[in-house]
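Working notes for the structure below.
Just so it is clear, none of the values below were taken in a lab; they were calculated from the coordinates. Everything numeric here is computed off the predicted structure, so don't read it as measured data. FYI the Cβ positions are ideal-geometry reconstructions off the backbone, even for glycines, and counts take in every protein chain you see.
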Amino acid sequence: MEPILTMKHIRKTFSSTVALGDVSLELWPGEVRGLIGENGSGKSTISSIAAGMQKPDSGEMIFQGQPWAPKSMIDALHRGIGMIVQESGTISGVTVAENIFLAELDQFKRFGVIDRRAMNRKADEALAGIGVKDVQGSTPLAALDFQARKLVEIAKVVMKQPQILVVDETTTALSQTGRDILYDVIKRFRSEGRAVLFISHDLEEIMDVCDTLTVLRDGARIRDFKKEEFEPDAIRTSMIGRELQGDYYRSDFTPSRLEEIALKARHLQSGGALKDVSIDFHKGEIVGIGGLSHCGMHSLGKVLFGAEKPESGSVTTADGTKITNETVAMKHGIGYVAKDRDVESLALNTSIRDNIAIAGMERYALGNFLVTNAKEKPYVDRQIESLSIKCAGRDQLVSQLSGGNKQKVVFGKWIGRGSEILILDCPTRGVDIGVKKAMYELMTSLKKEGKAIIMISEELPELMGMADRLIIMKDGVVMKEFPRSESLSDAEIIKYMI
């Protein structure tokens, strides 16, 4: 038996940053191979090269016995390798069906006119083929949340019946229902003798889903693990080159906060997403907001920042200022890290410098309008250094960074301007264990400085591990509030989520 895909001595650099040094990889029929490593290790780079997103600087690829050099992701998908990208792989402004059949609309033309009914029917079939029955082809994509858009992307790729499916950090965008849909697709690929390249930072998930595991570090292939060799500590040590000491989360179990209230939410109503939500957020406190994917917590984060306007109710600061939009929020010291960072928090095709500097102009611009390099460069460099952003320099494009380093740029944007209130929506989504630990330490440090931290997360362990108060939402309603406690169990919390 021959491998479906062989990648030999692949090298890729971005400016002076070596993303891949000399990496070789094989993928066999019926194999689900996991890729794991810290952010910047080369996981997304090697997989995106296989899927035609970018070209290697050097090296050789062989797919099904033939030389492999796809011209684009679309070319690769049509020829047998499909990739579900980490961030958004869909286009707003058009329907679900138009996304699924992008660049293939001609097949539905009748006398020069697109038969939308036929196209929508085919899109419905593609969605039903992976088990999605509550999304229709005729629906405008903008009407869907991030998870539903990701399921559309999965349907689009799977519909083409590729021999290799590349899954890049996709499960972090999905609820358990969405994950189960993807896991069923992976099982189908394995049973049909096709292959899957699966990237995840969730060690428990990757050990459960994968047959083999390849560890990358600093652009090099460090070690392969067979299923029977999977052992968490050994894998972690291979990833970071050292043993991790201690826990990621706070070591104290005493809830603490300052008396002063930083932000008040009163009787927030927003369609079905929020139903009469009232919460006080104190200075020097980490408030965790949790629940299932559609519980309303993500809408709450947007309303608190002024990015969404509620139908009724109000959000006010300590001095009584009503938050009506993002500009008012920023002027009053509020920062927002969005769940969908590539779309809502970053300008991918601009530099690290531009992304960090744009939010803090009043901190360094003369007269709030005159920007000079002498002021801007040190401002940006301080954030790069303090957050240990791994990059070739301040002028490197954000699109070239790993997921964890992109997230650090978002943090730098808000911390640099001195935000007193930070709304963090899934702040550790798509980042490795080392970056997670650094972010938790940063949050603890900001709390000690008297900042108010609002952490929205779909991961119960980090909510329990970091929050002074844990607020559980369900169907747009605050169901229960738990104070920080060593005895608090996930079973106690989950009954209020479901």
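Normalised by 2.2 N^0.38 Å, where N is the number of residues, the alpha-carbon radius of gyration of the stretch 261-494 equals 1.00. Contact order for the chain, expressed relative to its length and based on alpha carbon pairs under 8 Å spaced 6+ residues apart, stands at 17 percent.
How much length is gained if the chain between Met1 and Ile74 is pulled fully straight, taking 0.36 nm per residue apart and subtracting their Cα-Cα distance, in nm to one decimal? Working shown, then result.
On the way: separation 73, 0.36 × 73 = 26.28 nm, distance 2.80 nm.
Gain on extension, Met1 to Ile74, equals 23.5 nm.
Relative to the dominant Cα principal axis of the chain, helix 116-129 is inclined by about 90°.
Think of each Lys and Arg Cβ as +1 and each Asp and Glu Cβ as -1; about the Cα centre, that makes the dipole of the stretch 119-228 roughly 420 debye.
Projecting each Cα onto the charge dipole of the stretch 5-240 (Lys/Arg +1, Asp/Glu -1 at the beta carbon, about the Cα centre), which of His201, Thr139, Ile114 comes out farthest on the positive side? Farthest towards the positive pole: Ile114.
For the stretch 328-439, what does the alpha-carbon gyration tensor say about shape, rounded, prolate or oblate, given a ≥ b ≥ c as the root eigenvalues, a/c under 1.5 as rounded, and a/b over b/c as prolate?
Working: a/c = 1.79, a/b = 1.28, b/c = 1.40.
Verdict is oblate for the stretch 328-439.
Over all pairs of distinct alpha carbons, what does the Kirkwood formula give as the hydrodynamic radius of the stretch 162-281, in Å? Every distinct Cα pair counted, the radius reaches 18.5 Å.
Rounded to the nearest 500, the helix-only mean residue ellipticity at 222 nm of the chain stands at -9500 deg cm²/dmol, with each DSSP H run of n ≥ 4 adding -39,500 (n - 2.57).
As an exercise, identify the GluC sites (Glu not before Pro) in the stretch 236-295 lying in DSSP coil whose Cβ has no more than 16 other Cβ atoms within 10 Å.
On the way: sites: Glu243, Glu259, Glu260, Glu285; in loops: Glu243, Glu259, Glu260.
Counting only loop positions with at most 16 other Cβ atoms within 10 Å, the GluC sites (Glu not before Pro) in the stretch 236-295 are Glu243, Glu259, Glu260.
Orientation-averaged projection of the chain equals 25.0 nm² [convex hull of Cα atoms, one quarter of hull surface area].
Axis of helix 403-416 versus longest Cα principal axis of the chain: the two differ by about 20°, to the nearest ten degrees.
Taking the fewest neighbouring Cβ atoms within 10 Å as the starting point, the ordered list for Trp414, Trp68, Trp28 is Trp28, Trp68, Trp414.
What list do you get for Phe253, Phe411, Phe111, Phe281 if you sort them by fewest beta carbons within 10 Å? Starting with the residue having the fewest Cβ neighbours, the order is Phe111, Phe253, Phe281, Phe411.
Can you compute the FRET efficiency between Arg11 and His267 using 1/(1 + (r/R0)^6), with r the Cβ-Cβ distance and R0 = 41 Å? Round to the nearest 0.05.
Details: r = 58 Å, r/R0 = 1.41.
The value I calculate is 0.10.
Taking the average, over residues, of other Cβ atoms within 10 Å as the packing measure, peptides 31-42, 434-445 rank 31-42, 434-445 from highest down. Listed from fewest to most Cβ neighbours within 10 Å, the set Thr372, Thr237 follows the order Thr372, Thr237.
Could you tell me which residue out of Gly89, Gly40, Met159 lies farthest along the dipole of the stretch 5-240 toward its positive end? Charges go on the beta carbon: Lys and Arg +1, Asp and Glu -1, centred on the Cα centre. Of the listed residues, the answer is Met159. Here the stretch 107-135 and the stretch 351-425 have alpha carbon centers that stand 43 Å from each other.
How would the stretch 5-240 be classified by its alpha-carbon gyration tensor: rounded, prolate or oblate, with rounded meaning a/c under 1.5 and the a/b versus b/c comparison settling the rest? Since a/c reaches 1.5 and a/b is larger than b/c, the shape of the stretch 5-240 is classed as prolate.
Applying the Kirkwood pairwise sum to the alpha-carbon positions of the stretch 187-230 produces a hydrodynamic radius of 11.5 angstrom. About its Cα centre, the stretch 189-252 has a charge dipole of approximately 340 debye under the convention of +1 per Lys or Arg Cβ and -1 per Asp or Glu Cβ, with nothing else charged.
As I understand it, the value is the acute angle between the Cα axis of helix 373-386 and the longest principal axis of the Cα atoms of the chain; what does it come to in degrees, rounded to 10? The helix 373-386 is inclined about 80 degrees to the chain.
Taking the Cα centre of the chain as origin and charging only Cβ (+1 Lys, Arg; -1 Asp, Glu), how large is the dipole, in debye to the nearest 20?
Details: 65 positive and 69 negative charges, 228 e Å.
Here the size comes out at about 1100 debye.
Please state, as a whole number in µm²/s, the translational diffusion coefficient that the Stokes-Einstein equation yields for the stretch 409-498 at 4 °C and 1.567 mPa s, with Rh defined as the Kirkwood radius across alpha carbon pairs.
Details: Rh = 14.2 Å.
Approximately 91 µm²/s, per Stokes-Einstein.
Since only Ile456, His298, Asn373 are under comparison, the one whose Cα sits farthest along the positive direction of the charge dipole of the stretch 261-494, derived from C-beta charges on Lys, Arg, Asp and Glu, is Asn373. Taking a ≥ b ≥ c as the square roots of the eigenvalues of the Cα gyration tensor, the stretch 246-356 is rounded, since a/c falls below 1.5.
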